[in-house]
Amino acid sequence: MKKILFLGAGAHQLPPIYYAREQHHHVITCDMHMDKPGHGLAHEAYQVSTTDKEGVLALARRLGIDGVVAYAADSAAPTAAYVAERLGLPGNPYDAVLTLAHKDRFRAFLAANGFNAPRSRAFHRLEEARIWLEGLRLPVFVKPIDASGNRGISLVEAPERLDAAFAYALSCSRGKKVVVEERIDKVGYQIDSDVFMVKGTLRFWLWADAHFDPAWSPPAPAANSYPTLLDPGIGTKAAHELERLLSLLGCHTGPFNVEYLVDARGEIWFLEAGPRNGGDGIPDVIKHATGVDLCKYTVDAALGLACGPLQQAVPSGCWSNYIIRSRESGRLVDIEMSERLEAKIVSRRMWVQPGEPVGDPLGILILHFSSSDEMHTMLSQMPEHMRIVTAPEQDAAPSRSGAAGAAPA
């Protein structure tokens with residue numbers, strides 16, 4: 001029986017824990033919050049912050065673990081790499097993972113190695129960012145260097161909005177550092193999906209179109225649809241460029257969550273290459289679409305087990321995830337869905353139940369469509385198919401709001 005340590009025990013981190021239990025591994029979880037559901041599946045659970053690399057290292061050393069996983073968590077990925085490197089366990093180089101997890105380091109790496117990169121610089125102080133902004137073409141993005149998803153990000157379209165955006169990004173940054181960078185002009189959808197590297201080769205890659213909810217500022221991630229509408233030749237080019245990128249960093253085995261844009265010239269602009277699986281059900285929808293279980297290979301790779309069976313695959317049919325969000329706070333009363341939407345659902349994972357306080361997200365759907373046209377149309381019209389009913393904490397009168405819509409990025 002092999003001992004595997006999972007950094008994080010949240011609801012979105014359950015799939016690899018379930019797989020590890022099915023394989024009869026000894027499951028250990030650590031998280032600062034002991035009410036997380038993953039702890040209930042573990043043989044041992046510990047209250048240790050996943051960003052405390054020395055604390056996690058001490059725990060891992062004492063328990064004699066055989067592998068460590070940071071699933072769908074950018075903040076924990078450097079810790080996992082640090083522990084693996086110090087204990088001689090499978091994993092990618094700590095310095096490489098730091099580069100991939102920190103936007104300032106990643107942008108500098110891209111520029112230094114011949115990849116496309118926006119004009120970008122990171123700052124601790126607002127005054128320096130103001131000076132930098134004077135030489136940039138608006139609009140610009142203001143982001144924490146070390147936060148994932150949409151946390152702390154603002155699109156600044158006028159200089160007077162920099163101060164508030166900088167303060168917001170700084171509040172979301174563990175390293176208290178903020179990136180200010182020019183926006184890239186893209187064509188088509190942003191691409192966002194997971195890939196898997198084995199022994200220095202990109203063994204599996206599958207691109208998805210990223211859909212966003214324009215009701216949020218900036219637009220929030222809402223869905224990832226497979227197969228992509230991206231030209232196949234550009235998709236292959238992106239895979240080759242990504243393999244070169246990861247190889248230059250010394251990465252060799254494991255999952256990566258990748259986001260990129262394509263400009264009018266067909267050039268690839270990598271935004272992220274997160275050293276972990278994607279969140280929001282991306283590995284789940286990939287498994288439904290292709291039969292490839294990236295959770296399995298993530299656990300197996302962390303334990304040094306063979307990943308030989310992993311091969312490239314294409315989607316069978318049209319699939320997407322959908323992130324259920326509420327624009328209203330309070331407590332959840334109900335989620336109303338159209339019959340047409342209900343007919344597309346093959347899996348639903350709800351993290352907030354009726355009567356509980358509204359969180360973000362409320363849950364994830366996996367959807368199966370009859371055609372690409374139907375998929376893209378429905379994802380762009382989700383407020384017509386879903387209503388989130390909420391009520392104030394001390395008020396029984398419910399309110400209804402449209403779900404997070406999925407407009408093309």
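Readers should treat all values here as calculations from the given coordinates under stated rules, not as data from a laboratory. Nothing here was measured: the structure is a model prediction, and the numbers come from that model. Cβ coordinates were reconstructed from backbone atoms using ideal geometry, including for glycine residues, and neighbour counts include every protein chain displayed.
First measure r as the distance between the Cβ atoms of Ser49 and Lys176, then evaluate 1/(1 + (r/R0)^6) with R0 = 22 Å and state the FRET efficiency to the nearest 0.05.
E between Ser49 and Lys176, to the nearest 0.05, is 0.80.
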Checklist entry - Which lysines, on any chain, are close to Lys177 with Cα under 16 Å apart, when same-chain ones fewer than 8 places away are left out? => result Lys103, Lys143
Checklist entry - Can you give the calculated 222 nm mean residue ellipticity of the chain, where each DSSP H run of n ≥ 4 adds -39,500 (n - 2.57) and the sum is split over every residue, rounded to the nearest 500 deg cm²/dmol? => result -8000 deg cm²/dmol
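Packing-wise, with mean Cβ within 10 Å as the measure, how do 132-143, 61-72 rank, highest first? Provide the component values of the computation, followed by the final result.
On the way: 132-143: 17.0, 61-72: 21.2.
Ranked by mean Cβ neighbours within 10 Å, highest first: 61-72, 132-143.
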Checklist entry - Over what distance in Å are the Cα centres of region 165-179 and region 63-88 separated? => result 25 Å
Checklist entry - Lys344: which lysines have alpha carbons under 17 Å from its alpha carbon, excluding same-chain residues fewer than 8 sequence positions away? => result Lys287
Checklist outcome for this item: Arg61 and Tyr18 label points (each 7 Å along its Cα→Cβ direction) are spaced in nm at 3.6 nm
Next on the checklist: Need the list of lysines near Lys3 for cross-linking: C-alpha distance under 23 angstrom, and skip anything on the same chain fewer than eight residues off.
Outcome noted: Lys36, Lys53, Lys199, Lys296
Item to check | Cα-based shape type of region 122-194, given that a ≥ b ≥ c are square roots of the gyration tensor eigenvalues and the cut on a/c is 1.5 | outcome: oblate
Item to check | Residue among Asp31, Asp373, Asp300 with the largest mean-square fluctuation in a Gaussian network model of the chain, springs linking Cα atoms under 10 Å | outcome: Asp373
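Taking 0.36 nm per residue of sequence separation and subtracting the Cα-Cα distance, how much length would be gained by fully extending the chain between Met350 and Glu85, in nm to one decimal? Don't jump to the answer; show the numbers that get you there.
Working: separation 265, 0.36 × 265 = 95.40 nm, distance 3.57 nm.
This chain segment gains 91.8 nm when fully extended.
Provide the packing ranking of 193-202, 122-131, i.e. peptides ordered by the mean count of other C-beta atoms within 10 Å per residue, highest first.
Details: 193-202: 19.2, 122-131: 15.1.
With the highest mean Cβ count within 10 Å placed first, the list reads 193-202, 122-131.
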Checklist outcome for this item: Checked against the positive end of the charge dipole of the chain (+1 on Cβ of Lys and Arg, -1 on Cβ of Asp and Glu, about the Cα centre), the farthest of Ser154, Trp132, Phe196 is Phe196
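Where the only charges are on Cβ atoms (+1 Lys, Arg; -1 Asp, Glu), what is the dipole of region 119-182 about its Cα centre, to the nearest 20 debye? Working shown, then result.
Values: 11 positive and 9 negative charges, 56 e Å.
Dipole size: approximately 260 debye.
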Item to check | Magnitude of the charge dipole, region 7-161, Cβ model with Lys/Arg +1 and Asp/Glu -1, debye to 20 | outcome: 360 debye
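So what is the relative contact order of the chain, in percent, for Cα pairs below 8 Å that sit 6 or more residues apart? Please report the intermediate quantities before stating the final value.
Numbers: 922 pairs, mean separation 55.5, N = 409.
Relative contact order comes out at 14 percent.
I need the peptides 42-49, 323-330 ranked by packing, meaning the mean over residues of other C-beta atoms within 10 angstrom, with the highest value on top. Kindly include the intermediate steps, with their values, before the conclusion.
Numbers: 42-49: 16.4, 323-330: 18.9.
Put in order of decreasing packing, that is 323-330, 42-49.
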Checklist entry - About its Cα centre, what dipole magnitude does the chain give when the only charges are +1 on Lys and Arg Cβ and -1 on Asp and Glu Cβ, stated in debye to the nearest 20? => result 940 debye
Next on the checklist: Using the Cα centre of region 184-409 as origin and beta-carbon charges of +1 (Lys, Arg) and -1 (Asp, Glu), tell me which of Leu246, Leu261, Trp319 is placed farthest towards the positive end of the dipole.
Outcome noted: Leu246
Next on the checklist: Can you compute the FRET efficiency between Lys186 and His33 using 1/(1 + (r/R0)^6), with r the Cβ-Cβ distance and R0 = 41 Å? Round to the nearest 0.05.
Outcome noted: 0.65
